[in-house]
1. Of the numbered conditions (1) assigned to a loop (DSSP other than H, G, I, E, B); (2) crowded, with 19+ Cβ neighbours inside 10 Å, B:PRO227 satisfies every one except a single condition; which is it?
2. Look through B:THR213, B:THR209, B:THR172 and report the one residue that is among the polar types (S, T, N, Q) and more than 11 Å from every other protein chain (Cβ to nearest Cβ).
3. Exactly one of these conditions fails for A:TRP119: (1) modelled with pLDDT of 95 or more; (2) surrounded by fewer than 21 Cβ atoms within 10 Å (Cβ to Cβ); (3) among the aromatic types (Phe, Trp, Tyr). Give me its number.
4. Within region B:194-209, is even one residue assigned by TED's automatic domain parsing to the domain that holds B:PRO111, not in a helix (DSSP H, G or I) and not aromatic (Phe, Trp, Tyr)?
5. List the residue pairs whose Cβ atoms are under 7 Å apart, where the first residue sits in region A:220-247 and is facing another protein chain (nearest Cβ under 9 Å) and surrounded by fewer than 24 Cβ atoms within 10 Å (Cβ to Cβ), the second is of a type in the set (S, T, N, Q) and not in a helix (DSSP H, G or I), and the two are 6 or more positions apart or on different chains.
6. When only residues in region A:138-167 that are touching a Ser or Thr at 6+ places or on another chain (Cβ under 8 Å) and over 26 Å from A:THR234 (Cβ atoms) count, which is surrounded by the most Cβ atoms within 10 Å (Cβ to Cβ)?
7. Could you tell me whether region B:117-125 includes any residue that is among the hydroxyl-bearing types (Ser, Thr, Tyr), facing chain A (nearest Cβ under 9 Å) and either surrounded by fewer than 24 Cβ atoms within 10 Å (Cβ to Cβ) or assigned to a helix (DSSP H, G or I) (or both)?
8. Being without any contact (Cβ under 8 Å) to a residue 40 or more places away in the chain and part of a helix (DSSP H, G or I) narrows it down to one of B:LEU61, B:LEU77, B:LEU69, B:LEU84, so name that one.
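The values are calculated or read from the model by the stated rules, or taken from the named source; none is laboratory data. None of these values were measured; they are calculated from a predicted model. Methodologically, a virtual Cβ is constructed for each residue, glycine included, from the backbone with ideal geometry; neighbour enumeration extends over all protein chains shown.
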Amino acid sequence: MRRVETGTWFVMPAILLLAAVTIFPIMDVVYLSLHRKLLIFGISEFTGLQNYRFLLQDERFWRALSNTIYFTGLSVVLEVVLGLALALLMNRAFRGKGLVRALVLVPWAIPTVVSAKMWEWIYNGDFGVLNYLLGTKVNWLGDPFWALHAAIIMDVWKTTPFAAILLLAGLQLIPADLYSAARVDGAGPVRLFRYVTLPLLKPVILIVLIFRSLDAFRVFDAVYVLTGGGPANTTETLSVYAYKVLFQTLQIGYGSALAVTVFVCVGLIATGYILLMGRKAGLR
Amino acid sequence: MRKGMLYLAALVVVSYSVAPLVWQFLTSLKMDYELTRIPPLLPEAPSLAHYIAIFKGRMFLRIIANSALVASCTTILALAVGSLCSFGLAKLEIRYKALILGFVLSISMFPPIATVSPLYLVIRAMSLRDTWLALVITYTTFSLPLSIWILTSFFRELPDEIYRASRVDGCTVFQSFVRIVLPLAAPGFFATAILVFIFSWNEFLYALTFTSTEASRTIPVAIALFPGLYEIPWGEIAAASVIVTAPLVVLVLVFQRRIIEGLTGGAVKG
């Protein structure tokens, strides 16, 4: 009995900190979202579900939601495909492999703000190197179609290394015997990939999809710094919209309702993946 | 021939990864009049003028110091609190272990935007706005899930016998944690430290919300809000980017093995 108590002491500081700085605010944000709260005027009144009712009619919210879904879907798919290609390459034996692996990790380590500023300069319509290399004259960040895709390309550049590293670890867990056995049976590289690599890598691919989807759905820095949500809100994601409502127009109540919505969406995505994993595990 | 293809692919991948950074470095060396001209791609007469400009007035130094302090304090605190918790979860008898780990993991999925407004109000009420402390507490908490997850998997790999033997030899639980288990888990400890440091060095949303002057402003906020009188000072932004990125690139080149261990130890094995 005594040992149970000791263990609890070890775990307690972490649990307390997590409760105070994450659980309490989450409950508080739900509470705030039921209020009309304007900081500058000192207004705070309980309005029930009023904010959520407003949210359903708010076109800017629906726009932000669809931007966020599009951003998440496209960037995550690209990251997993490119990440897999990178991982397959890094899994091969060649001289200088360690250096290649380290250099590939560099974009992951750079602050998102820095990479956003970097790409903003690359995308610059007048003096950007992208236009120079392509021989075009496009105002990438000022164009409603290109701006969101520009943000996606930047995000893919920044986070593919993370996907690649996890997938590489997954590749290394696949026993080499399986490949030699399949080769003896006459399988070429394509069939090896299709019938050995891909099925065995599935659990890791799923993990990468979860991590990346949850992360991409709450995207803030990348978009806020690169485009600020513009032009004309065409790149505004849910987190960026919520942030602007909270801290630029200082509508804490409505902003909190938007924040709660992000939280609920992320929860739904996570639950979806967990159910998917559970079903896969059950079938086996 | 096949080897040649492999090297070509590696070359393409590496260029894709580092080219934007190299471009930023070249930009930082160009004079202002060269920035509005392309071609040429390379600076005609490389100049350190932008680097000298950002260090004028000591403000940038102060901001680097803020970032370094916040990231270091966060790393130390997160490792202290996180390793205690992980040791408990890996080696001691605790009820609801799986539940606690699940709880910790689910917190890592919380979107920062969902907690930023209540935390801001609390921090304002406690007059902690624009202080390091507000950032350190927040960052420590949000890096706990990752730290606990990685450290627990490292502690679990240590044989239970080592821990039990030290207890039989008369160590208290805490002594055997500090003297026996911690030194053996040093690689995991190190991997976690690097990841937490990078996270705190790079964090933007909370820093943007909680800081307001150079008393506590960190590098990402300073770069995002770079002041420009008439136009965006691209040269100076580039110079500042190079300076804050350099330590990270060094970290990655030197400790890539540890970083990869940390990233994968938490996710793929677990």
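1. If we test B:PRO227 against (1) assigned to a loop (DSSP other than H, G, I, E, B); (2) crowded, with 19+ Cβ neighbours inside 10 Å, just (2) comes out false.
2. The conditions single out B:THR213.
3. Result: A:TRP119 passes all but (2).
4. yes
5. Short answer, once both residue conditions are applied: none.
6. Ranking the qualifying residues of region A:138-167, first place goes to A:ILE165.
7. yes
8. Testing whether each residue is without any contact (Cβ under 8 Å) to a residue 40 or more places away in the chain and part of a helix (DSSP H, G or I) leaves just B:LEU61.
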